[in-house]
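Step one of this worksheet: look at the structure below.
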Amino acid sequence: MALRYASALAERSGRTNVVVTSHNMAAVMYTDQGDFARAMTHMEQALAMAEQRQDPRHLAWQLKNFSRFLFDAGDWQRMRELFASADAVMSQADR
């Protein structure tokens with residue numbers, strides 16, 4: 001219940017970094033409970049919000065967070081893809 005309330009507040013704030021962080025925190029909590037499906041939903045939402053922000057460093061950070069989650073979830077193929085995407089985003093940002 002508190003998590004839903006915090007997420008709703010984050011959404012209303014309009015600050016994408018707060019929304020991304022709240023989804024990441026929810027994903028960690030659900031992962032700790034073994035509920036990877038619910039955690040995946042939050043990771044997907046965090047990634048979508050990070051993409052909307054159009055800040056390459058923030059996007060790369062979220063891609064790497066998601067990669068770590070996918071490692072724990074055992075989805076190593078997608079983990080490799082997202083990690084490669086994060087590296088590509090950072091390489092582009094450094095130019």
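How far apart, in nm, are the 7 Å Cα→Cβ label points at Arg53 and Asp35?
A separation of 2.5 nm, rounded to one decimal place.
For the ranges 83-93, 19-29, what's the packing order if you count other beta-carbon atoms within 10 Å of each residue, average per peptide, and put the highest first?
Descending mean neighbour count gives 19-29, 83-93.
Length gain on complete extension for the stretch Ala84 to Met25, per 0.36 nm per residue less the alpha carbon to alpha carbon distance?
Between Ala84 and Met25, full extension yields an extra 18.9 nm.
For the chain, what's the relative contact order in percent, using C-alpha pairs closer than 8 Å and at least 6 residues apart?
20 percent
Picking from Gln45, Leu70, Thr31, whose Cα lies most toward the positive end of the charge dipole for the chain (charges on Cβ: Lys, Arg +1; Asp, Glu -1)?
Gln45
Over the chain, with every protein chain in place, what whole percent of the accessible area is carbon and sulfur at 1.4 Å, could you tell me?
Its accessible area is 55 percent carbon and sulfur atoms.
Estimate the FRET efficiency between Asp94 and Ala2 by the formula 1/(1 + (r/R0)^6), using the beta-carbon distance for r and 35 Å for R0, to the nearest 0.05.
0.35
In Å², what does the accessible area per residue of the chain work out to with a 1.4 Å probe?
Each residue of the chain exposes 63 Å² on average to a 1.4 Å probe.
Using the Karplus curve 6.51 cos²θ - 1.76 cosθ + 1.60 with θ = phi - 60°, work out ³J(HN,Hα) for each residue of region 70-84 in order, rounded to whole Hz, and write x for Gly and Pro.
Those phi angles translate into 5, 4, 5, 7, x, 9, 6, 4, 5, 4, 4, 5, 5, 5, 5 Hz.
Quick one: Debye curve from the C-alpha atoms of the chain, no solvent, what's log10 I(q)/I(0) at q = 0.23, 0.25 Å⁻¹?
Values, matching the q order: -1.14, -1.25.
In nm, to one decimal, how far is the Arg15 label point from the Phe71 one, both placed 7 Å along Cα→Cβ?
Using points 7 Å along Cα→Cβ, the separation is 2.9 nm.
The values are calculated or read from the model by the stated rules, or taken from the named source; none is laboratory data. Bear in mind the structure is a predicted one, so any value in this text is a computation, not a measurement. All Cβ positions, glycine included, derive from the backbone under ideal geometry; neighbour counts span all protein chains shown. For accessibility, only protein heavy atoms count, side chains too; no ligands or nucleic acids. Shrake-Rupley method; radii C 1.70, N 1.55, O 1.52, S 1.80 Å.
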